[in-house]
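One structure below.
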Amino acid sequence: MKFIVGKKIEMRQEFRPDGSVVPVTLVMVEPNTVTAVRTPEKDGYAAIQVGVGSSRNVKKPQIGHTKAIGRSFADFREFRVEDVSGIAPGQIADVSTFAPGDIVHVVGTSKGRGFQGVVKRHGFHGHPATHGHKDQLRMPGSIGSKRQGPVAPGKRMAGRMGGDRITVRGLEVVSVDAAAGIVALKGAVPGARNGMLLISGPGSQSYRATSAPATPVEAPVAPATEQA
């Protein structure tokens, strides 16, 4: 059962012992404190809530929520797990939870792009840049239909883009710096710098194991027959 909340720092390159270069995303992980334990008997599901960060402007309900722990937090996040036995409020998890070689899934919020047209938002190729298409190069075109009814649900049109909850699965933990609280994940993760990331590994319900490599199956060998 591995999970933690971190903050995206930047991307860089790291070299493996064999000399190959790997693009990695650095994630700063502050100690995560368990603030609540959800049980199926009381809450209807099993989950662990952790608190991260600190803030001067904390609402009174949040202060009362963590009064038994003795401190307040800036943000709270929950991770669905299969078993909550042995977990109690006040326990702390840090970056040493993960080790190089672990496969994790990362959840973050993508960068907001604002209001965008159909070319950028949906990949429309636009109109041909010839005579008769003035001011129509990036237009969506007609949205009507033969029946002249209302706009069909799900019609691809201009609108707000970005700011979505994105999950990237199957990222490898390249290195872990326990002293600095930094974990390096292979590849890119969603969101801008300083964005919050939820990292989960095997044992949490938000983690779906990637397809394991097929194990070779030895074909049965027929017994040799004696030749006359």
Those residues of segment 90-114 which are open to solvent by 80 Å² or more (accessible area, probe 1.4 Å) and farther than 20 Å from residue 164 by Cβ amount to 92, 100
Of the conditions (1) touching a Gly at 6+ places or on another chain (Cβ under 6 Å); (2) over 27 Å from residue 193 (Cα atoms); (3) open to solvent by less than 60 Å² (accessible area, probe 1.4 Å), residue 138 satisfies every one except a single condition; which number is it? (3)
Just to check your reading of the model, which residue among 34, 5, 21 is of a type in the set (Val, Ile, Thr), modelled with pLDDT of 90 or more and surrounded by fewer than 12 Cβ atoms within 10 Å (Cβ to Cβ)? 21
Conditions (1) touching a residue at least 60 places away in the same chain (Cβ under 8 Å); (2) part of a loop (DSSP other than H, G, I, E, B) -> residue 105 fails only (2)
Listed residues 162, 144, 117; which is over 26 Å from the mean Cα position of the chain (by Cα) and open to solvent by less than 40 Å² (accessible area, probe 1.4 Å)? 117
Some residue of segment 165-174 being within 21 Å of residue 17 (Cα to Cα), surrounded by 15 or more Cβ atoms within 10 Å (Cβ to Cβ) and in contact with a Phe, Trp or Tyr (Cβ under 6 Å, 6 or more places away or on another chain): yes
Can you tell me which residue is modelled with the highest pLDDT among those in segment 120-131 that are open to solvent by 80 Å² or more (accessible area, probe 1.4 Å) and not in a helix (DSSP H, G or I)? 125
So which strands (runs of 3 or more DSSP E) are wholly in segment 137-228 and hold at least 1 residues that are at pLDDT 95 or above and more than 28 Å from residue 24 (Cβ to Cβ)? 159-161
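The values are calculated or read from the model by the stated rules, or taken from the named source; none is laboratory data. The structure presented is a predicted model; accordingly, all values stated were derived computationally and were not measured. Cβ atoms come from the backbone with ideal geometry, glycine included; neighbour counts cover every protein chain shown. Heavy atoms of the whole protein, side chains included, go into the accessibility calculation; ligands, DNA and RNA do not. Shrake-Rupley method; radii C 1.70, N 1.55, O 1.52, S 1.80 Å.
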